[in-house]
1. Return a yes/no flag: does segment 18-35 have any residue that is in a helix (DSSP H, G or I), small (Gly, Ala, Ser), under 30 Å from residue 188 (Cα atoms) and under 24 Å from the mean Cα position of the chain (by Cα).
2. Out of 107, 179, 97, 125, report the one residue that is outside the structural domain of residue 35 (by TED's automatic domain parsing) and small (Gly, Ala, Ser).
3. Can you pull out every residue in segment 43-83 that is buried (at least 17 other Cβ atoms within 10 Å of the Cβ) and modelled with pLDDT under 95?
4. Residue 112 - would you say it is outside the structural domain of residue 226 (by TED's automatic domain parsing) and under 20 Å from the mean Cα position of the chain (by Cα)?
5. Could you list, in sequence order, the residues of segment 192-208 that are over 11 Å from the mean Cα position of the chain (by Cα) and surrounded by fewer than 19 Cβ atoms within 10 Å (Cβ to Cβ)?
6. Just checking, how many residues over segment 214-238 are of a type in the set (Gly, Ala, Ser) and either touching an Asp or Glu at 6+ places or on another chain (Cβ under 7 Å) or surrounded by 17 or more Cβ atoms within 10 Å (Cβ to Cβ) (or both)?
Amino acid sequence: MDYLVDTSDDFIRTHPGYSDHNAMSTLDDDIINTAQCAYVAKLLSKMSADIGENDIAKKYDMVYNQYKKAWQERYINEDGSIDCWIQAAYALGLAYGLYPEELEAQGAACLNTAVAANDYHLNTGYIGTQFLLPVLCRYGYADTAYRILQQDTYPSWNNMLSYGQTTLTESWFTCQDRGDGTYAINGSLNHPGLGTVGQWLYSDVLGIRRDESSPGFKHFYLEPVAGSGLTSASGSYESVYGRIESSWRLEGNKMVFCFTIPANTTATVSLPDEQYRNMELGAGRYEYRIAADQQISGI
């Protein structure tokens, strides 16, 4: 971290780097790399605080805020827009807490516009992809996130599957259709970089989220984001306390939500109905039926 600070220019990281590796849209290295420096400084500060190294924590919190201030001043316009209008720039700025609080909503709206302008296809790479869909959901654009997920034209995950693949490729363009029933291969056919959408499937679609103040899922959150063209989802996470299960399905005019909370754990559960928000539940199996009205995105 000290090396990054020493080789940054007034807390703008201008040295070449990977930027948003294998992205579909070209993005200047500095906007991504500066955001990454801020993110790493914040992580180092948090880790130091957790082990009682308070002086180190304060030092790197200051470093984080200096990178954050530099990023805001260099890249964010007064209306929350960023001149490049690239999805990864907005996604990282919002995910890493680099936006001023009063401009977060405008920044998220700009991100949604950037996706719409790209015909609801992503153009992110290894860094931006993992944050794109979670950030859209966080700021009320779940429909857009689901629309990206369900795309089947290039570039998309379903487009990868259309080639008969059983693994993710190194880039969106690793397999290129020659038009004669064969494909040109450019890169690895088994690469995890673009598979970070899997985390979103757990954290947002299933709604299983960790509580940072309660390690190991002793306490956790369940807040599924249902709908937007899908009629069901189910999955589980093997925590150290046992299996956490979450599922939802459309059944007539009802959405049915089912959960399993392992023994010796608790969960804060929030469903898309005001009477089922922030419920504190102990171990057990639960089922809730909620009218599939406008509160359920896209249904």
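1. Applying the first criterion (in a helix (DSSP H, G or I)) to segment 18-35 yields 29-35.
When the remaining residues are screened for being small (Gly, Ala, Ser), the result is 35.
Next cut, under 30 Å from residue 188 (Cα atoms) only: 35.
Okay, now just the ones that are also under 24 Å from the mean Cα position of the chain (by Cα), so 35.
Within segment 18-35, one or more residues are in a helix (DSSP H, G or I), small (Gly, Ala, Ser), under 30 Å from residue 188 (Cα atoms) and under 24 Å from the mean Cα position of the chain (by Cα).
2. The match here is 179.
3. If the condition is that a residue be buried (at least 17 other Cβ atoms within 10 Å of the Cβ) and modelled with pLDDT under 95, then no residue fits.
4. Details: outside the structural domain of residue 226 (by TED's automatic domain parsing): yes; under 20 Å from the mean Cα position of the chain (by Cα): yes.
Here the answer is yes, as residue 112 does meet what is asked.
5. Taking segment 192-208 first, the residues over 11 Å from the mean Cα position of the chain (by Cα) are 192-195, 205-208.
Result: 192, 193, 195.
6. As a first pass, look at segment 214-238 and keep what is of a type in the set (Gly, Ala, Ser): 214, 216, 226-229, 232-236.
Going one step further and asking which of them are either touching an Asp or Glu at 6+ places or on another chain (Cβ under 7 Å) or surrounded by 17 or more Cβ atoms within 10 Å (Cβ to Cβ) (or both), we end up with 226-228, 233, 236.
Adding up the residues that qualify gives 5.
Residues are listed down the side, and each one gets a yes or a no for (1) on the phi > 0 side of the Ramachandran plot; (2) of a type in the set (A, V, I, L, M); (3) without any contact (Cβ under 8 Å) to a residue 12 or more places away in the chain:
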position	(1), (2), (3)
121	no, no, no
127	no, yes, no
165	no, no, no
169	no, no, no
176	no, no, yes
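Yes/no per residue for (1) assigned to a helix (DSSP H, G or I); (2) within 15 Å of residue 186 (Cβ to Cβ); (3) outside the structural domain of residue 113 (by TED's automatic domain parsing):
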site: 146; (1), (2), (3): yes, no, yes
site: 153; (1), (2), (3): no, no, yes
site: 163; (1), (2), (3): no, yes, yes
site: 172; (1), (2), (3): no, yes, yes
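The values are calculated or read from the model by the stated rules, or taken from the named source; none is laboratory data. Everything numeric in this text was worked out from a predicted model, so none of it was measured. As a convention, Cβ positions derive from the backbone with ideal geometry for all residues, glycine included, and neighbour counts pool all protein chains shown.
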